[in-house]
Amino acid sequence: MRRMVGARRASGVMLAVMAACTTGNAAELRVTVGSAGQPVVDAVVSLHGKATPARDATARMEQQHSTFAPGILPVQVGTVVSFPNRDNIQHQVYSFSQAKQFEIPLYAGNNAAPVRFDRAGVVVVGCNIHDWMIGHIVVVDTPYFAKTPASGAVRLDVPPGTYTLRVWHARSETVFGKTGVIPAAGSAHAVGLVLAATAPEARGNDRLRALQDKFRRLKGAQ
């Protein structure tokens, strides 16, 4: 399913990263994501190498002040996510995304069953009652990932090997890059990526309303 937030072509690189050392010690990759000369917050940076098993972990995406918190939640495949409702009103959380389709009927407090995310991809989460509420759960098939803070910079410590660097942001397509080499274990390698500047969509936009209409039609047909 297409993301509810507008996607535009991003400039940057998909980086196939090769570590130069074969010891068990980790090398450090520092990634900085920027746009229009400013750091980009909430970009999900991940390094993908050989296949890794699903992770038995837990995470939370709360509803507070009629928003999802955090609005961007990166998790590894296999993670179970709970959706606590901190508001004094009910929410109805759902997703039609290919990576995970689910529905949590109207509820308050902690009365919602958690959801396991067992397939990599971007899961767009909405609320059928409040059309401005939108969240993204970015499910990755690697243990090496991070979300950029206000500085736009993250650090990933990885064992030597060959990796593909991926960067995702809600207002951009996946960023790809070129081949590079991480120095020997114990040293650091820095990569800078630039996203094309885009403006956020307004609350309650037409695409969100269309998705809610689809949800209601499907529910009415049941």
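Close amide-amide hydrogen proximity is noted between His48 and Thr164, Leu165, Arg166, each under 5 Å apart and 5 or more residues distant or on a separate chain (H modeled in the peptide plane; Pro and chain starts excluded). Amide H contacts under 5 Å for Ile129: Gln92, restricted to partners 5 or more places along the chain or on a different chain, H placed in the peptide plane at 1.01 Å from N. In order along region 135-149, the phi-based Karplus estimate (6.51 cos²θ - 1.76 cosθ + 1.60, θ = phi - 60°) of 3J(HN,Hα) comes to x, 10, 10, 9, 9, 10, 9, 7, x, 9, 8, 7, 10, 5, x Hz; Gly and Pro are listed as x. Residue by residue, region 107-123 carries 3J(HN,Hα) couplings of 7, 9, x, 9, 8, 10, 5, x, 10, 8, 9, 10, 9, 5, x, 9, 9 Hz when phi is fed to the Karplus relation 6.51 cos²θ - 1.76 cosθ + 1.60 (θ = phi - 60°); x denotes Gly or Pro. Efficiency by 1/(1 + (r/R0)^6): what FRET value for His65 and Arg30, r their Cβ-Cβ distance, R0 = 45 Å, to the nearest 0.05? Plugging the Cβ-Cβ distance into 1/(1 + (r/R0)^6) gives 0.85. Sorting Asp131, Asp56 by accessible area puts them as Asp56, Asp131; the probe is 1.4 Å, largest comes first, and only protein heavy atoms count. If you model region 117-178 as an ellipsoid using its alpha carbon gyration tensor, with each semi-axis the square root of five times an eigenvalue, the axes come out at 26, 14, 11 Å, biggest first. Taking amide H positions as modeled 1.01 Å from N, with prolines and chain starts lacking one, the residues under 5 Å from Val191 and 5 or more places away or on another chain are Arg30, Val31, Thr32.
The values are calculated or read from the model by the stated rules, or taken from the named source; none is laboratory data. Quantities reported herein were computed from a predicted structural model and do not represent experimental measurements. Neighbour counts are summed over all protein chains in view; Cβ atoms, including those assigned to glycine, are modelled from backbone coordinates with ideal geometry. Ligands, DNA and RNA are stripped out before the accessible areas are found, and what is left, the full protein with its side chains, is counted by its heavy atoms. Shrake-Rupley method; radii C 1.70, N 1.55, O 1.52, S 1.80 Å.
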